[in-house]
Amino acid sequence: MNILVEKFCNYYKEFSQESISGLDEIYHQTIILQDPFSKVEGLTNVKAHFSKMMQNVSYCRFDIIDIVSNDGQALITWTMRFAHPKLNNHQEIIVDGVSDIKFNERITHHRDYFDVGSMFYEHVPVLKSIIKILKKRLSV
């Protein structure tokens, strides 16, 4: 496995507000980070984005499931576990996803794919009941 891919996986195993400074070791200054919520360009902006995102998160860690890597690109499947005081009664939320990264000496592109509903919407009380109804109707 590529050393940079290994660093990436190890970095996200215990993701926290304190670990954000370590992004310099894996991301290029011109990094483009994209997920279902946003697209962020530049390492300084990515750090600010993560810092804001992690403000109220009690913990966040990623269990790496599988890695497929070749010259300059990797697909990494993972399970994220996190807790937030305003979601799911502060109980752990589990989300499966995939990271697509492209790299040279550092990662230049990072795109995450995951189910936004299972991460967020299904844990907001008002939306939770609506989503349950919709899922039930669609599964018929």
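The values are calculated or read from the model by the stated rules, or taken from the named source; none is laboratory data. For clarity, every value in this text was computed on a predicted model and none was experimentally measured. All Cβ positions, glycine included, derive from the backbone under ideal geometry; neighbour counts span all protein chains shown. The protein model used for the area step is the full one, side chains on, heavy atoms only, and it has no ligands, DNA or RNA in it. Shrake-Rupley method; radii C 1.70, N 1.55, O 1.52, S 1.80 Å.
The table below gives the values:
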{"item": "Selection count, the range 84-103, where residues are outside any loop (DSSP other than H, G, I, E, B), buried (at least 16 other Cβ atoms within 10 Å of the Cβ) and over 11 Å from the mean Cα position of the chain (by Cα)", "result": "4"}
{"item": "Any hit, the range 104-118, residues being over 18 Å from GLY22 (Cβ atoms), part of a strand (DSSP E or B), open to solvent by less than 60 Å² (accessible area, probe 1.4 Å) and of a type in the set (A, V, I, L, M)", "result": "no"}
{"item": "Strands (runs of 3 or more DSSP E) wholly inside the range 1-72 that include at least 3 residues being open to solvent by 50 Å² or more (accessible area, probe 1.4 Å)", "result": "27-34, 59-70"}
{"item": "Looking only at the range 9-32, and only at residues there that are among the hydroxyl-bearing types (Ser, Thr, Tyr) and in contact with a strand residue (DSSP E or B) (Cβ under 6 Å, 6 or more places away or on another chain), the one that is nearest to GLN73 (Cα to Cα)", "result": "TYR27"}
